[in-house]
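For reference, the structure discussed in these notes is given below.
Derivation of every value follows stated rules applied to the coordinates shown; laboratory data play no part. Just so it is clear, the model here is predicted, and its values are computed rather than measured. Note: ideal-geometry Cβ built from the backbone for every residue, glycine included; neighbour counts use all protein chains shown.
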Amino acid sequence: MNFIPTNALGCYSIEPQIIYDERGYFMESFNEKRFQEGVGQNVRFVQDNQSFSTKGVLRGFHYQTGAHAQAKLVRVIEGAVMDIAVDIRPGSDTFGETVSMLLSSENKKQLFIPRGFAHGFVVLSDTATFFYKCDNFYNKESEGGILFNDPEINIDWHFSEQELIVSEKDRLLPTMKNSKKVW
């Protein structure tokens with residue numbers, strides 16, 4: 001696996017080493033020892049999540065606060081998404097910066113998102129199966145979120161706002177300026 005630092009401190013693009021032959025392919029999608037060495041952090045994942053969505057579905061921006069903050073390792077098993085992470089760590093040198101990355105079943109890339117980032121994605125293909133590991137358990141009381149179309153973040157979601165399929169819950173999220181603090 002190749003671990004490539006992004007513009008936001010602590011986020012890494014992870015490119016697998018894929019072995020192709022007449023049967024198809026093989027790749028190691030996760031190895032705890034290599035992962036911890038690659039990101040330079042002692043991250044222990046405790047929960048796996050998976051979602052299925054159709055083209056234009058936007059999920060995000062979500063995060064967990066306080067003792068329930070979560071680091072995530074995200075990837076796409078089927079289809080393609082534009083994945084976005086926003087640094088919301090107070091005092092961070094990259095506070096407010098975003099990481100945008102195409103994740104697909106074809107490129108098999110992963111994105112490591114450390115604690116203190118808001119996360120969201122939009123489905124670019126007809127359908128997509130999104131998979132991610134979390135280093136902390138979900139806690140409803142610690143939910144935080146940021147409005148997907150916050151002008152301060154200014155994300156190009158690759159669809160017009162009318163084409164996006166966004167849950168009512170996500171449409172009611174506050175702007176970054178008014179959101180829950182991470183710590």
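Data table
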{"item": "Sequence-separation-based contact order of region 45-178, relative, with Cα cut under 8 Å and 6+ spacing, percent", "result": "39 percent"}
{"item": "Euclidean distance between Cα centres, region 161-183 to region 38-76, Å", "result": "17 Å"}
{"item": "Fraction of beta bridges assigned by DSSP in region 45-178 that are antiparallel (%, nearest 5)", "result": "95 percent"}
{"item": "Dipole of region 1-118, positive end: most advanced residue of 4, 29, 116 [Cβ charges, Cα centre]", "result": "116"}
{"item": "Neighbour-count order for 158, 62, fewest beta carbons within 10 angstrom listed first", "result": "158, 62"}
{"item": "Debye intensity ratio I(q)/I(0), log10, region 45-178, q values 0.09, 0.15, 0.16 Å⁻¹ (C-alpha model)", "result": "-0.23, -0.68, -0.78"}
{"item": "Translational D in µm²/s for region 18-86 (Stokes-Einstein at 10 °C, 1.306 mPa s, Kirkwood Rh from C-alpha pairs)", "result": "104 µm²/s"}
{"item": "Only Lys, Arg (+1) and Asp, Glu (-1) charged, at Cβ; region 45-178 dipole about Cα centre in debye", "result": "340 debye"}
{"item": "Selection from 101, 149, 138, by position along the positive dipole direction of region 26-183 (Cβ)", "result": "138"}
{"item": "Cα pair distances in region 125-172, grouped into 10 Å bins until the bin that holds the longest one, percent each", "result": "16, 42, 37, 5"}
